[in-house]
Ligand code: MTE
C-alpha cells in the first residue's frame with residue numbers, strides 16, 4: 001500500500017467540522033430529520049432511489065464511543081478503494097460508475113445450505129443497527145465511523161457452517177469497465193480478504209450497508225462491505241459478491257502482494273511496526289494535518305472483546 005498522501009479535495013468542498021458534529025443537526029441539514037426520527041428498525045430502502053437515501057438503523061448502545069465521529073464529508077471523500085484508483089480522492093471521483101443493482105452475494109463452501117442472496121434479502125436478514133466503530137488504516141490514519149448493518153454471524157449461521165469451516169474468504173466485485181484502477185496490475189483482481197472462522201463469528205465483525213444513517217456510497221463499498229474494527233482497514237473488503245467458508249487459510253490479496261508487510265491476521269498492534277513505518281501512532285482524519293497524532297491502541301481499543309481469540313498466538317509472527 002502506498003504511503004499516506006494528503007487528500008486532493010478543494011478546501012471549498014469541505015464543510016466545516018462543526019456542521020457535522022451532531023448527527024441530529026446533520027440530518028436536519030440534509031432535510032431528513034423527520035424521516036430519521038420516525039424510522040423503525042426495518043426501514044428497508046428501495047435501491048431504485050438515489051444511492052444516498054435513508055437507511056433506518058437503531059443505535060446499539062453497546063457500540064458507542066467517547067470519540068467524536070469523523071465528518072460524513074471526510075468518511076466519503078478520503079478513501080482507499082484501489083479498483084477506482086490509488087489516490088485518496090479517486091474513489092470519490094470515480095466510484096459512481098459502480099453498478100450496485102442487480103446485486104447478489106453467494107455464500108458457499110463448507111456450509112450445509114449454500115445460497116445466493118439478493119441484496120434486498122440481506123438488507124432484511126437481521127435488524128439494522130447503528131454502531132460507531134473506530135477504524136484504523138495500515139497507513140497510520142484513522143476515523144470514527146457510524147456504520148449501519150448487523151453482525152456477519154447472522155448471515156453465516158443462515159447457511160449452516162460445517163465442522164470443516166475454519167476460515168472465511170470474501171471476494172469483492174470486479175467490474176473492469178467501471179473500475180479504472182483495475183487497468184493497473186497492483187493487485188491480482190478481484191480484491192480478496194479473509195478471516196478465521198471465530199473472528200468472522202465474533203459479534204464485532206459487521207456486515208455494513210450504510211453510513212451516517214444512509215445507504216453506503218459506492219466509494220465506501222456499496223452495497224455491502226465488511227467492518228472489522230480491531231484489524232487494519234484492508235481486512236474490511238468492500239462491495240462483496242462472494243463469501244466462501246473454507247477448511248484452509250485463503251490466500252488474500254495483500255498477503256499475495258507483500259507477505260512480509262501484510263499478514264493474514266492484520267490485528268492493529270502498535271508494538272509491531274510495518275517494515276517501512278511505525279504503527280505506534282495514528283493521524284485522526286478531520287483533526288487537521290497539524291493536529292497531534294494519537295497513540296494507536298492494541299487491537300484498536302477492542303482488546304477486551306477480542307484478545308481471547310489470540311491467546312497463545314505469537315503476535316510478532318502472526319502479524
Ligand atoms: N476493498 C476493496 N475491494 N478494495 C480496496 O482497495 N481497501 C481497503 C478496505 N477495503 C480496499 C477495500 C483499505 S486499505 C481500507 S483502509 C478500507 O477499505 C478503507 O475503507 P473506507 O475508504 O471506507 O474508509
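All of the numbers you see were taken from the coordinates with simple rules; none came from a lab. It should be emphasised that the depicted structure is a prediction, and the values quoted were computed from it without experimental measurement. Glycine also receives a Cβ, built like all others from the backbone with ideal geometry; neighbour counts cover every protein chain displayed.
Quick check: from the Cα gyration tensor, does segment 144-275 come out rounded (a/c under 1.5), prolate or oblate? Taking the square roots of the gyration eigenvalues as a ≥ b ≥ c, segment 144-275 is rounded.
Pop the C-beta distance of residue 153 and residue 293 into the FRET formula with R0 = 45 Å and round what comes out to the nearest 0.05. For R0 = 45 Å, the calculated efficiency reads 0.85. In terms of the Cα gyration tensor, with a ≥ b ≥ c the square roots of its eigenvalues, is segment 154-214 rounded because a/c is under 1.5, prolate because a/b exceeds b/c, or oblate? Taking the square roots of the gyration eigenvalues as a ≥ b ≥ c, segment 154-214 is oblate. According to the Kirkwood relation over distinct C-alpha pairs, the hydrodynamic radius of segment 222-319 is 15.2 Å. Take 66-78, 216-228 and order them by the average number of nearby Cβ atoms within 10 Å per residue, most first; the result is 216-228, 66-78. Centre-to-centre, using Cα atoms only, segment 200-254 and segment 120-143 are separated by 8 Å. Label separation (residue 318 vs residue 176): 3.8 nm, computed from points 7 Å beyond Cα along the C-beta direction.
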